[in-house]
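This report refers to the structure that appears directly beneath it.
The values are calculated or read from the model by the stated rules, or taken from the named source; none is laboratory data. Quick caveat: nothing in here was measured; it's all calculated off a predicted structure. Ideal geometry is used to build each Cβ from the backbone, glycine not excepted, and the neighbour counts take in all protein chains shown. What goes into the accessible areas is simple: the full protein's heavy atoms, side chains included, and nothing from ligands, DNA or RNA. Shrake-Rupley method; radii C 1.70, N 1.55, O 1.52, S 1.80 Å.
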Amino acid sequence: PSEGIVRLAPNDQVKYFADLYSRAVNPVKIAWFKARCVGRGLHFSDDELIVLAALDTPDQVQNFLNLQLYYNNDHASVDLEETAMPPRRVLQTGLAHCFEGAMFAYAVNYLHGHNPRLVLLEASQDSEHNLVVCRDARTGLYGCNAHSRFPGLDGRRAEHATIRALAE
């Protein structure tokens, strides 16, 4: 989001996202997603289910990361505590740094059956970067989800023949 950070109470933040995505998902999809989650011992509120069920492709997850989450700059000063928020807390705060965004993307892609893989790009003279790589089942090509404060380091569509090509 381009405007300043708007802080909402956790349930209000999730409700805000649910209102945005409620038209993008039908009741059958929500029921399927809920059954999949319950089968894995996971229980979500109705609003959480709406949002998570709507993010049913890696491209939808990337759009959510890009357009709905503020960057969690927990390193802005030495006085700030570092965070490692789980995916539910990312939904509740509307914030995520690189790793938190990756964990959110991994969880959502996993719950939709996309078989994600976490890739850490280490850099000797730059910040490390986390990618959640998914392979398109139809094309066999790789894409990724990522959340970053740096331009150009966000996710990529599934257009790459190898993970190496994706990372270059």
Select, from Arg135, Arg156, Arg164, the only residue that is open to solvent by 40 Å² or more (accessible area, probe 1.4 Å) and touching a helix residue (DSSP H, G or I) at 6+ places or on another chain (Cβ under 8 Å). Arg156
Say whether the condition of being open to solvent by less than 30 Å² (accessible area, probe 1.4 Å), at pLDDT 95 or above and small (Gly, Ala, Ser) is met by at least one residue in the range 108-123. no
Pairs with Cβ under 7 Å, 6+ apart, first in the range 105-130 and in contact (Cβ under 8 Å) with a residue 40 or more places away in the chain and closer than 15 Å to Pro87 by Cα, second part of a loop (DSSP other than H, G, I, E, B) and not small (Gly, Ala, Ser): Val108/Leu55; Asn109/Pro116; His112/Asp56
Looking at the range 55-107 only, could you name the residues that are of a type in the set (Gly, Ala, Ser) and either surrounded by 24 or more Cβ atoms within 10 Å (Cβ to Cβ) or in a loop (DSSP other than H, G, I, E, B) (or both)? Ala76, Ser77, Ala84, Gly94, Ala96, Gly101, Ala102, Ala105
Scan the range 37-51 and give yes if some residue there is surrounded by 15 or more Cβ atoms within 10 Å (Cβ to Cβ), touching a residue at least 60 places away in the same chain (Cβ under 8 Å) and β-branched (Val, Ile, Thr), otherwise no. no
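Does Val51 satisfy being within 15 Å of the chain's Cα centre (by Cα), part of a helix (DSSP H, G or I) and at pLDDT 95 or above? Walk me through it before giving the result.
Details: within 15 Å of the chain's Cα centre (by Cα): yes; part of a helix (DSSP H, G or I): yes; at pLDDT 95 or above: yes.
Spelling it out, Val51 is indeed within 15 Å of the chain's Cα centre (by Cα), part of a helix (DSSP H, G or I) and at pLDDT 95 or above.
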